[in-house]
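Have a look at the structure below before the remarks.
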Amino acid sequence: MSIFKNWGKPRVLIRGAGDIATGIGHRLFRCGFEVMMTEIASPTCIRRKVAFSEAVYDGMTQVEGINSVLVRDPEEAVLQAKSGYIPILIDPEARCREELKPQVLVDAILAKKNLGTFKEMAPIVIGVGPGFLAGNDCHAVVETMRGHNLGRVILDGEAEKNTGVPGDIIGFSRERVIYADRSGTLNLIKDIGDMVEEKEAVAEIDGDPVFSPIRGVLRGIIRDGLHVNKGMKIGDVDPRGAAENCFTISDKARAVAGGVLEAVLFFMNQILN
């Protein structure tokens, strides 16, 4: 007996459409769920080549063979979902849920705090990363901290606290991240997938150069022409130098997506059996 029997094709609404949220949406879509996502009006995703949020700017984008499309309202979202797309709505508060009535809501904003998700939003509510308490404001939490517990489903308690320290890649952690040293408009010199040298200019902020901290491949950088604030993370250099990895879903996103899928199926079995 299919666990989808009573729900047909279950509808999942994901808050956020950055690279981790995209990994989640991609996995659920491939597993037969109807996936819809919400975003802010001006996303600042760094790994934007693997983020459905880019549809906000371009109208449509594709990640590993699956297309997302920007839509105006819930009615259009339903039509596009039936046509095989993942619709993206500009709706930071996810008010569209009242009309869409998803069976599952996933908060994958990764704000390190809860920006308004609560357990009554849908029959199954999953929080991704720190800021959520399983059993209180959501039914389960999925761990996002790299290490032994990455992707683990938490049914009672919280994910690990945000350390503010980027994940280690062959000995490089904070050293591989590019931060804005001033506020202003970002203009790119290099783009995602380009090899860069240590102290090579990769962008400018109001005409002043921004340098790569290490040698490697520019794995991610904020979209050209956006306003950035001083201290903001704007780029990421991968010292392994594998340019092809810039254009596929990351190992971390896949692990977190697996945890979300596990949590959803766990609760669906409880509800439907």
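The values are calculated or read from the model by the stated rules, or taken from the named source; none is laboratory data. The model shown is predicted, which means the values in this text are computed figures rather than measured ones. Every residue, glycine among them, receives a Cβ derived from its backbone with ideal geometry; neighbour counts consider all protein chains shown. Ligands, DNA and RNA are stripped out before the accessible areas are found, and what is left, the full protein with its side chains, is counted by its heavy atoms. Shrake-Rupley method; radii C 1.70, N 1.55, O 1.52, S 1.80 Å.
Does Phe211 satisfy the criteria of being aromatic (Phe, Trp, Tyr) and closer than 25 Å to Gly23 by Cβ? Here the answer is no, as Phe211 does not meet what is asked. When Arg146, Arg182 are screened for being in contact with a helix residue (DSSP H, G or I) (Cβ under 7 Å, 6 or more places away or on another chain), in a loop (DSSP other than H, G, I, E, B) and open to solvent by 40 Å² or more (accessible area, probe 1.4 Å), only Arg146 passes. Taking each residue of the stretch 163-184 that is of a type in the set (Ser, Thr, Tyr) and looking for partners that are assigned to a loop (DSSP other than H, G, I, E, B) and modelled with pLDDT of 70 or more with beta-carbon atoms closer than 8 Å, six or more apart or interchain, yields Thr163/Met145; Tyr179/Gly231; Tyr179/Met232; Ser183/Asn229; Ser183/Lys230. Going by what's in this entry, would Gly127 be described as closer than 20 Å to Arg15 by Cβ, in contact with an Asp or Glu (Cβ under 8 Å, 6 or more places away or on another chain) and in a strand (DSSP E or B)? Spelling it out, Gly127 is indeed closer than 20 Å to Arg15 by Cβ, in contact with an Asp or Glu (Cβ under 8 Å, 6 or more places away or on another chain) and in a strand (DSSP E or B).
With the structure loaded, tell me whether Asp238 is exposed (fewer than 15 other Cβ atoms within 10 Å of the Cβ) and under 19 Å from Tyr179 (Cβ atoms) or whether it fails that test. Here the answer is no, as Asp238 does not meet what is asked.
Any residue at all in the stretch 131-141 that's assigned to a loop (DSSP other than H, G, I, E, B), among the polar types (S, T, N, Q), without any contact (Cβ under 8 Å) to a residue 40 or more places away in the chain and farther than 22 Å from Arg11 by Cα? Yes, the stretch 131-141 has at least one match.
Determine which single condition Asp238 fails, assuming it passes every other condition in (1) under 21 Å from Thr144 (Cβ atoms); (2) at pLDDT 95 or above. Of the numbered conditions (1) under 21 Å from Thr144 (Cβ atoms); (2) at pLDDT 95 or above, the odd one out for Asp238 is (2). Scanning the stretch 111-138 for residues that are surrounded by 19 or more Cβ atoms within 10 Å (Cβ to Cβ), touching a strand residue (DSSP E or B) at 6+ places or on another chain (Cβ under 8 Å) and either under 19 Å from Gly25 (Cβ atoms) or small (Gly, Ala, Ser) (or both) yields Thr117, Met121, Ala122, Ile124, Val125, Ile126, Gly127, Val128, Gly129, Phe132, Ala134, Cys138. Name the one entry in Ala253, Ala263, Ala257 that is modelled with pLDDT of 95 or more and in contact with a strand residue (DSSP E or B) (Cβ under 6 Å, 6 or more places away or on another chain). When all the criteria are applied, what remains is Ala263. Of the candidates Asp251, Asp206, the single residue that is surrounded by fewer than 14 Cβ atoms within 10 Å (Cβ to Cβ) and within 19 Å of the chain's Cα centre (by Cα) is Asp251.
Residues in the stretch 70-90 that are surrounded by fewer than 20 Cβ atoms within 10 Å (Cβ to Cβ) and either of a type in the set (A, V, I, L, M) or under 19 Å from the mean Cα position of the chain (by Cα) (or both): Val78, Leu79, Ile90. Cβ separations smaller than 7 Å between residues 6+ apart or across chains give the following pairs from the stretch 188-212 residues that are farther than 21 Å from Lys49 by Cβ to residues that are part of a strand (DSSP E or B) and small (Gly, Ala, Ser): Ile205/Gly184; Asp206/Gly184; Pro209/Ala201; Phe211/Ala201. For the stretch 126-145, the set of residues classified as modelled with pLDDT under 95 and touching a Pro at 6+ places or on another chain (Cβ under 9 Å) consists of Met145 only. Set side by side, the residues Ile214, Ile222, Ile169 differ, and just one is within 29 Å of Val56 (Cα to Cα), in contact with a strand residue (DSSP E or B) (Cβ under 7 Å, 6 or more places away or on another chain) and either surrounded by 15 or more Cβ atoms within 10 Å (Cβ to Cβ) or at pLDDT 95 or above (or both), which is Ile222.
Looking at Ile124, is it more than 30 Å from Val210 (Cβ to Cβ), touching a His at 6+ places or on another chain (Cβ under 9 Å) and among the hydrophobic types (A, V, I, L, M, F, W, C)? Yes: the conditions hold for Ile124.
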